[in-house]
Amino acid sequence: MIRLGTSSWQFEGWQGVFYPETLPKDQQLIYYSKQFDTVEVNTSFYGLPRPSTLVKWVESTPLGFQFCLKAPRAITHDKRLNNVQEESRLFLEVLRSLGTSAAPAFLQFPPTFTRQTDGKALALYIDWLAGQLNGIRMGVEVRSADLLTPAFATFLADRGFCLVLIDRVDTADLFDSWLSLIDQKKAPQFVIIRWIGDDRNGPQGDSELVAPRDAQLAQWAKRLIQLEERGIEVFGYMHNPYEGHSPASIRRLRSLLAPTISRPSWPPPGEETDQLVQPSLW
């Protein structure tokens, strides 16, 4: 029920630290997918992947590995939901083509996208998009204070979307509000969590853990256990600014969960395992 990964599999600082020094870049996804069972895909924000790219992704990863795609910026940032039906349909087609390799996707809105300036467009779009999903799971990430509210979380839950939960400096923590919706049987059976930390003044590198957040990780371990106990499927993605090196952070979080939550081995039995793969903390 709990899938944990990082915000991408491509970072220069990971070569020789997470990836073996001599590993070619076109082998990084293969290697990554034997460490973690999901990944956030940021490249889809700048342009939808080609069908050939999707095929390569799926063929490079073990059965059960899932990709969490961010919606194109044309929808959320450039056009700000105005006349974006065609772009949205194309994005949904990409998600459908991934089949079981698709984790819940998400829409990410900038801080300037507020209830006051864009609330009507957002409400109309979410209502329209809800009718287009047909089984596709979707989250919504907002950053303006007037949308980071229990009321907006309820609005999304009522339409089958999850509010993307963010651990980020100067961003409201709505975990308790979302958990309340889960307990009221109003929320969908999945949630997306993004651990970002201080992306302005925090660690700027990506190759080593330099700013441990022990208390925060311990709190999130308890939260993930709460979600798992309620049967909620969790998709969590760690960003490098959180502690300095997201693979290490995910392994630290896994180690906190291990005494309570039993998880099947990864990759699944029968999948070919490269001899270079480092042992997991699970």
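Only one of these is modelled with pLDDT of 95 or more, surrounded by fewer than 13 Cβ atoms within 10 Å (Cβ to Cβ) and among the acidic types (Asp, Glu): Asp176, Asp170, Asp198, Asp206. Name it.
On the way: Asp170 fails: modelled with pLDDT of 95 or more; Asp198 fails: surrounded by fewer than 13 Cβ atoms within 10 Å (Cβ to Cβ); Asp206 fails: surrounded by fewer than 13 Cβ atoms within 10 Å (Cβ to Cβ).
Being modelled with pLDDT of 95 or more, surrounded by fewer than 13 Cβ atoms within 10 Å (Cβ to Cβ) and among the acidic types (Asp, Glu) holds for just one of Asp176, Asp170, Asp198, Asp206, which is Asp176.
Taking into account only those residues within the range 1-16 that are of a type in the set (S, T, N, Q) and touching a residue at least 12 places away in the same chain (Cβ under 8 Å), which is surrounded by the fewest Cβ atoms within 10 Å (Cβ to Cβ)?
The extreme case among them is Gln10.
Considering only the range 120-142, state which residues are of a type in the set (Lys, Arg) and surrounded by 13 or more Cβ atoms within 10 Å (Cβ to Cβ).
Selection gives Arg137 alone.
Tally the residues that are part of a helix (DSSP H, G or I), surrounded by fewer than 16 Cβ atoms within 10 Å (Cβ to Cβ) and hydroxyl-bearing (Ser, Thr, Tyr), restricting the search to the range 228-261. Outline the logic, then answer.
So in the range 228-261, the residues part of a helix (DSSP H, G or I) come out as 228-229, 240-242, 246-257.
Now drop any that are not surrounded by fewer than 16 Cβ atoms within 10 Å (Cβ to Cβ), which leaves 229, 255.
Filter again for hydroxyl-bearing (Ser, Thr, Tyr), leaving 255.
Matching residues across the range 228-261 total 1.
Check Ala218 against each of (1) farther than 23 Å from Ala105 by Cα; (2) at pLDDT 95 or above; (3) in a loop (DSSP other than H, G, I, E, B) and name the one condition it does not meet.
(3)
Take Ser101 and decide whether it is under 24 Å from Met1 (Cβ atoms) and out of contact with any Asp or Glu (no Cβ under 6 Å at 6 or more places or on another chain).
Here the answer is yes, as Ser101 does meet what is asked.
Being in contact (Cβ under 8 Å) with a residue 24 or more places away in the chain, in a loop (DSSP other than H, G, I, E, B) and over 18 Å from the mean Cα position of the chain (by Cα) is the filter here; which residues of the range 17-33 pass it?
Val17, Phe18, Pro20, Leu23
Give just the number: which of (1) over 24 Å from Ser33 (Cβ atoms); (2) loosely packed, with under 13 Cβ neighbours inside 10 Å; (3) modelled with pLDDT under 95 does Pro264 not satisfy?
(1)
With (1) surrounded by 16 or more Cβ atoms within 10 Å (Cβ to Cβ); (2) in contact (Cβ under 8 Å) with a residue 40 or more places away in the chain as the list, and Arg89 as the residue in question, which single condition is left unmet?
The one condition Arg89 does not meet is (1).
Being surrounded by 19 or more Cβ atoms within 10 Å (Cβ to Cβ) and of a type in the set (Ser, Thr, Tyr), is that true of even one residue in the range 151-158?
No: the range 151-158 contains no residue that is surrounded by 19 or more Cβ atoms within 10 Å (Cβ to Cβ) and of a type in the set (Ser, Thr, Tyr).
Can you tell me how many residues within the range 34-56 are of a type outside the set (Val, Ile, Thr), out of contact with any Pro (no Cβ under 7 Å at 6 or more places or on another chain), buried (at least 18 other Cβ atoms within 10 Å of the Cβ) and not in a loop (DSSP other than H, G, I, E, B)?
2
When the range 212-247 is examined, which residues are found to be in contact with a strand residue (DSSP E or B) (Cβ under 8 Å, 6 or more places away or on another chain) and of a type in the set (A, V, I, L, M, F, W, C)?
Trp220, Leu224, Leu227, Ile232, Val234, Phe235, Met238 - these are the residues of the range 212-247 that are in contact with a strand residue (DSSP E or B) (Cβ under 8 Å, 6 or more places away or on another chain) and of a type in the set (A, V, I, L, M, F, W, C).
Just to be sure I understand, how many residues within the range 183-195 are surrounded by fewer than 14 Cβ atoms within 10 Å (Cβ to Cβ) and either part of a strand (DSSP E or B) or free of Cβ contacts under 8 Å to residues at least 24 places away in the same chain (or both)?
Counting residues in the range 183-195 that are surrounded by fewer than 14 Cβ atoms within 10 Å (Cβ to Cβ) and either part of a strand (DSSP E or B) or free of Cβ contacts under 8 Å to residues at least 24 places away in the same chain (or both) gives 2.
The values are calculated or read from the model by the stated rules, or taken from the named source; none is laboratory data. These numbers come from a predicted model, not from an experiment. Here the Cβ is made from the backbone with ideal geometry for all residues, glycine too, and neighbour counts use every protein chain on show.
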